[in-house]
Amino acid sequence: MGEGAAATGSVVGGEADTAHRLATARGLLRRLEDRAAGPRPAAEPGADGRVLPVGAPLATLLPGGGLRRGTTVAVTGTVGATSLVLALLAEASDGGAWAGVIGRPDLGLVAAAEAGVALERLALVPYPGADLVAVTAALLDGLDLVVVAGRVLHSSDRARLAARARQRGAVLLPLGPWPGADLELTCEQGGWRGVGAGSGDVGRLRTRRVCVRLRGRGVAPAGRSARLLLPGVAGRLAVDVEGDASAVDRPIADREAG
Amino acid sequence: MTVPVRVLALWSPDWPVTAAARAAHLTPDRPAAVVVANRVLACSAVARAAGVRRGLRRREAQARCPELVVLARDADRDARMFEPVVEAVEELAPGVEVIRPGLLALPVQGPAGYFGGELAAAERLVDQVAGRAGVECQAGIAEGLFAAVLAARRGVAVAPGDTPAFLAPLEVEELDREPEVDRSELVGLLSRLGLRSLGAFGALAAGDVASRFGADAVLAHRLARGLDPRPPVRRWPPAELAVELELDPPVDRVDAAAFAARTLAQRLHGVLAAHGLSCTRLGVGARTTSGEELHRVWRCAEPLTPSGTADRVRWQLDSWLVRGGRGAVDRLQLVPEETVGAGALQLGLWGDVGEADERAGRALVRVQALLGPEAVVTAVLTGGREPAERVRLVPWGDDRDEAASRVPAASGGEAGRASGSPVREPPPPWPGRLPAPSPAVVPPDPLPADLCDAAGDPVHLATPDLLTAAPRTLAVDGGPPRDVHGWAGPWPVAQRWWAPDGMAGSRLQVLRADGAAFLLFARAGRWEVAGVYD
């Protein structure tokens, strides 16, 4: 761009010379900005390209196609949050990554296995008690994915844990609100299938349609959403084929207007 | 590229001669040599001064030094005589590994910190060996075992980071010094190619070495560059690789110990071969009749052969038994402390496999130190019908496989999580089991629930598979009643009716209008929440 302006400047002269000097000054400024940004890449989560895989339906939703190491991804929502966390763990856990769940004595482990989580690499600390922060920090040192639930933490503790995750290249997955998270996934109810509204329905709960919304860094301000089956057939995550597949990557506002 | 840890090697020169001369009560000033197959294997310093060299014919050695005492070789004796040296070192420093009789190594970091410096530690250890065992030895410090042994032969301490520079000017013949490894062909070939120093050999590209000289040369090449001889991919062998032998009657004689050692070594190698592994560090453990536990680690330059294993076990037992005062041995255990793939030198295709597991294990142990051993668990799926019943929680560090198959004693009444649930062998078909999806939330203690019909009256079971009325509202754990959108069931469950903790009741899936789905269980006329489909 700078060269283009310079070329026209040499031909036209006079007024264009001002434009040329402006372009040079802008170029210098940009280079300075680049240099100032230079030492930072290590702090930028996922900059080294290390991304933990997630199931294909979620990969299209998440920036980078998976869980970037070093990030904090909060999972919230009144329904489906637990299933969504298990779905996030599944692919990486199956590929050899270690996951830990802190503060969830009521986690359904059969559901975890059905979602595809390798139970032999899923460490559980059901009752961390007062040591919640210390336990989370310790697990972030050694595990790849750490789900933390339970009480709401102070902002200083949150910042400490997020920094620890960034430093160790782990992914922190708070289950519940976590102000300051890099990404926030919210599960919104779609509806169960298999159980009819009428009486005497002979089915059983089979699949649930949910709408997973994503907000945070690297995502358009309006957020993104995807329609998924969570759990899908046999407990695994799946794409909701009957739902609007093109809803992925489109701002929510557009979709709702359309 | 990992830098090996700094190792202190203690080397007693001419150990076969030293041991033989001590056994024969010869004074050190008599020239002596150990002769095998008519060739001199080792000679004492006095004999060397008279011109005796390793590899000379016996007659020629005697011609050069007429008063030479010719001794026979006895590997058992060498190992036995070396034991006091090892014990003397162990008094001061942990982690001693015997490489072969006459040579031992230990990580230098601990003693260096304790005695205030590596040189001070080496000096202290040499003094200790001389004082306690009456054996002269030389110490050497360098990065990695190979360099440390070479440093010990020269009696030098290589400064941190200088190991490649220390190795570079040495002759390639140094690669062929270990009696167990025959690299004469490689060394000869390298010399003919004009690569006469380790530095010149190390300067070759690793890929060229591998394609031209073969697997053993890759190892030698790593040694020459001052790297860890084995590729950094190592894994800790699982516990079941260890083999044990109960000795009944207890063994107190060396020949009986040798027999036991051979059978045990063969068993160990059978186990290792079945796993496609071979052992590079062997732990030998024994329990004496007086209840004392003895353990010693042997480290080997090459993966152990069955006979090599048997020899080491025999030497170790020999030294323990002959020293006496410890009683007979009634149990023998071999633990492969470090293994490599049986292909001996297979550079890791996927890099640092196993490192992540080890790192995770350390983190979990740290949490256990914080909260107690029961606080960190992993889950094992077992047989059962209820979501809670199908999970058994195993404290981290316990054997998962054992937990999966164990049948615990039925505990009384209270349907606690897995701990109170009866678990049987987990063959797949469990008729009446809830099909997938399973509830993502399973309360540790079932929550009370109130199921009411349109009139606000509680809904009960008319028969195990029939409700008294269509449910209209559901309130969970004392919460406000919410409209019911749909339900499925009830499905009767009756299991373990013969046991006091057996259960009979019905399951019901209830979907509320707000989207929450519950798994209810009717027990003795009351509904409780067994799971939430979150």
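Taken together, the values in this text are just the output of simple stated rules run on the coordinates, not laboratory data. Note that this is a predicted model, so its numbers are computed, not measured. FYI the Cβ positions are ideal-geometry reconstructions off the backbone, even for glycines, and counts take in every protein chain you see.
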Q: Normalising by the residue count of chain B, find the relative contact order in percent from Cα pairs under 8 Å and 6+ residues apart.
A: 9
Q.
Counting only other residues whose beta carbon sits under 11 Å from that of B:Ala210, what net charge do I get with K and R as +1, D and E as -1?
A. 0
Q) Once amide H atoms are placed 1.01 Å from N in the peptide plane, what residues at a sequence separation of 5 or more from B:Glu337, or on another chain, have their amide H within under 5 Å of its amide H? A) B:Arg281, B:Leu282, B:Gly283
Q: Pull up all non-local amide H partners of B:Val135: gap of 5 or more, or a different chain, and H-to-H distance under 5 Å with H placed in the peptide plane.
A: B:Ala130
Q) Quick one: Karplus J couplings for the stretch A:61-72, per residue in order, coefficients 6.51, -1.76, 1.60, θ = phi - 60°, nearest Hz, x for Gly and Pro? A) 8, 7, x, x, x, x, 8, 6, 5, x, 9, 10
Q. How large is the charge dipole for the stretch B:1-97, taken about the Cα centre, if only the Cβ atoms of Lys, Arg (+1) and Asp, Glu (-1) carry charge, to the nearest 20 debye?
A. 740
Q: For the stretch B:197-229 and the stretch B:124-161, compute the distance between their C-alpha centroids and round to whole Å.
A: 25
**Q.** Sum of side-chain charges, B:Val96 neighbourhood, beta-carbon under 11 Å (Lys, Arg +1; Asp, Glu -1)
**A.** -2
Q) So for the stretch B:30-104, Kirkwood radius off the Cα pairs, Stokes-Einstein at 25 °C and 0.890 mPa s: how many µm² s⁻¹? A) 181
Q) For B:Leu125, what charge total do you get from the other residues with a beta carbon under 11 Å from its beta carbon, if Lys and Arg give +1 and Asp and Glu give -1? A) -3
Q: Please list, in chain and number order, the residues 5+ apart from A:Gly232 or on another chain whose amide H is under 5 Å from its amide H, with Hs placed from the backbone.
A: A:Leu237, A:Ala238
(Q) Let's test this: bin the Cα-Cα distances of chain B at 10 Å from zero up to the farthest pair and state each bin's percent. (A) 3, 14, 19, 19, 12, 9, 9, 8, 4, 2, 1, 0
Q: Take the Cβ-Cβ distance between B:Arg177 and B:Asp255 as r, set R0 to 41 Å, and report the resulting FRET efficiency rounded to the nearest 0.05.
A: 0.80
(Q) Run lengths n ≥ 4 of DSSP H only: what is the helix-derived mean residue ellipticity at 222 nm for chain B, with -39500 (n - 2.57) per run over all residues, to the nearest 500? (A) -9500 deg cm²/dmol
Q.
Just to verify a number: FRET efficiency for B:Arg192 and B:Val5, C-beta to C-beta distance, R0 = 45 Å, to 0.05?
A. 0.80
Q) What number, in percent, do you get for the relative contact order of the stretch A:53-198 if the mean sequence gap of Cα pairs under 8 Å and at least 6 apart is divided by its residue count? A) 37
**Q.** Dimensionless Rg over Rh [the stretch A:56-143; C-alpha; Kirkwood]
**A.** 0.94
Q: Take the Cα radius of gyration of the stretch B:15-148 and divide it by 2.2 N^0.38 Å, with N its residue count; two decimals is plenty.
A: 1.17
Q. Longest segment of chain B with no GluC sites (Glu not before Pro) in a DSSP loop having at most 15 other Cβ atoms within 10 Å?
A. B:293-413
(Q) I need the GluC sites (Glu not before Pro) found in the stretch A:89-149, filtered to DSSP loop residues with at most 14 other beta carbons within 10 Å of theirs. (A) none
Q | Calculated from backbone phi, Karplus (6.51, -1.76, 1.60) coupling profile of the stretch B:201-206 in Hz, x at Gly/Pro | A | 5, x, 6, 5, 6, 4
